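Trainee: Submitted below is the structure of interest, expressed as structure tokens.
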Amino acid sequence: HVAQQYQSQRMAAGFPATTINSVMRAGRSVFSKKAMLCYNPAPPTDAIDDFLMVPRLREEEKLPELPTAENMEAAHKHLPAKPAFYRAFLLASYAGLRSGEICAARWGWIQGGAVYVGGREFTAKSKKWRVVPLAPEVLALLGDRGADDALIVGDDAEQTMIDLPVALGTLGFKSRTPVHSCRRLFGSLVAEASGLRAAQAMLGHASYA
């Protein structure tokens, strides 16, 4: 009842369906399998089942925004002044790494002209490791190789990944998640050249859907 009232009141107030659904997802996480193990006494499952069955609102389908050629040109022009930012941008745009993967990426991941993601001290989102070939031009742009155990983006990698979206925004990137839009661009180009299954493998997705 509370969930349905929330949906109807927010819709009447003009909130977008995406925002309403986002809050509903957060509410559902309170009753995840892992969370349920922590409650004492356990909440009544019949009431929880009713809540989880409340359908999401229909969202307008929007095509994900990709960086434009002008965006990419601006990034290549301005980001080299900040090597950590530039390396992170390169790993997202030309290897399709996720933000968390970029944070964890070490020089030792790069072997024989490819970056090996996961399988060592880092576990990828898919729980599997993958190999992404790197063009020689990208390897050159990454600059001088550090020690195998050194972070590619530098010791302050987490802060870099917090600041990078703002930097990309100032360069004209329109996406709400500009770093992820670079990964999406990489996947789109792989799919166009080699098909969806190749893109799935390069991005580490569970399925090509």
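The values are calculated or read from the model by the stated rules, or taken from the named source; none is laboratory data. On a predicted model such as this, the values are computed, not experimentally measured, just so you know. All Cβ positions, glycine included, derive from the backbone under ideal geometry; neighbour counts span all protein chains shown. We work out accessible area using only protein heavy atoms, side chains counted, and drop any ligands, DNA or RNA first. Shrake-Rupley method; radii C 1.70, N 1.55, O 1.52, S 1.80 Å.
Trainee: Of the chain, which part is the longest with no trypsin sites (Lys or Arg not before Pro) in a loop (DSSP not H, G, I, E, B) and with at most 15 other C-beta atoms within 10 angstrom?
Mentor: Result, exposed sites excluded: 63-119.
Trainee: Roughly what % of Cα-Cα distances in the chain sit above 28 Å, to the whole percent?
Mentor: 43 percent
Trainee: Now, a different point. Once phi is turned into ³J(HN,Hα) by the Karplus curve 6.51 cos²θ - 1.76 cosθ + 1.60 with θ = phi - 60°, what whole-Hz value does each residue of the range 31-46 show in order, with x for glycine and proline?
Mentor: 10, 5, 4, 5, 5, 4, 5, 9, 8, 9, x, 6, x, x, 5, 5
Trainee: Long-range amide H contacts for Arg106: which residues qualify at under 5 Å (H placed 1.01 Å from N, peptide plane, sequence gap of 5 or more or a different chain)?
Mentor: Close amide H contacts, sequence-distant or interchain: Ile152.
Trainee: So what's the convex hull volume per residue for the Cα atoms of the range 34-118, in Å³?
Mentor: Normalising the Cα hull of the range 34-118 by residue number yields 197 Å³.
Trainee: Can you give the charge dipole size of the range 36-174 about its Cα centre, rounded to the nearest 20 debye, using +1 on the beta carbon of Lys and Arg and -1 on the beta carbon of Asp and Glu?
Mentor: Computed about the Cα centre, the dipole is about 360 debye.
Trainee: Test of understanding: what is the full-extension gain from Thr170 to Ser194, defined as 0.36 nm times their sequence separation minus their Cα-Cα distance?
Mentor: 5.4 nm
Trainee: Which whole number in µm²/s is D for the range 105-190 by Stokes-Einstein, with the Kirkwood Rh taken over Cα pairs at 10 °C and 1.306 mPa s?
Mentor: Estimated diffusion coefficient is 110 µm²/s.
Trainee: Taking Cα centroids, how far is the range 1-67 from the range 78-97 in Å?
Mentor: Computed from Cα coordinates, the inter-centre distance equals 35 Å.
Trainee: Write out the GluC sites (Glu not before Pro) in the range 17-97 meeting two conditions: DSSP loop, and at most 13 other Cβ atoms within 10 Å of their Cβ.
Mentor: For GluC sites (Glu not before Pro) across the range 17-97 that sit outside H, G, I, E and B with at most 13 neighbouring Cβ atoms in 10 Å, the list reads Glu59, Glu60, Glu61.
Trainee: Another one. Would you compute, for the Cα atoms of the range 1-68, the largest minus smallest coordinate along each principal axis and list the three values in descending order, in whole Å?
Mentor: That works out to 52, 30, 15 Å along the principal axes.
Trainee: Out of the total accessible area of the chain (probe 1.4 Å, heavy atoms of protein only), what percent is carbon and sulfur?
Mentor: Within the chain, the accessible surface is 57 percent carbon and sulfur.
Trainee: Under 30 Å Cα-Cα from Lys34, which lysines qualify once same-chain neighbours fewer than 8 residues away are excluded?
Mentor: Lys125, Lys127, Lys128
Trainee: DSSP loop (so not H, G, I, E, B), at most 13 other Cβ within 10 Å: list which chymotrypsin sites (Phe, Trp or Tyr not before Pro) in the range 26-120 pass both filters.
Mentor: Within the range 26-120, the qualifying chymotrypsin sites (Phe, Trp or Tyr not before Pro) (loop, at most 13 other Cβ atoms within 10 Å) are Tyr39.
Trainee: By how many nm would the segment from Leu139 to Thr45 lengthen if fully extended, with 0.36 nm per residue of separation less the alpha-carbon distance?
Mentor: Answer, rounded to one decimal: 28.5 nm.
Trainee: Further question: Mind checking which lysines have their Cα closer than 17 Å to the Cα of Lys62? Skip sequence neighbours fewer than 8 apart in that chain.
Mentor: Once the sequence-local lysines are set aside, what remains near Lys62 is Lys174.
Trainee: Cα-based Rg (one decimal) and Dmax (whole number) for the range 168-209, in Å?
Mentor: 11.8, 34
Trainee: Could you give the accessible area per residue of the chain, probe 1.4 Å, as a whole number in Å²?
Mentor: Each residue of the chain exposes 62 Å² on average to a 1.4 Å probe.
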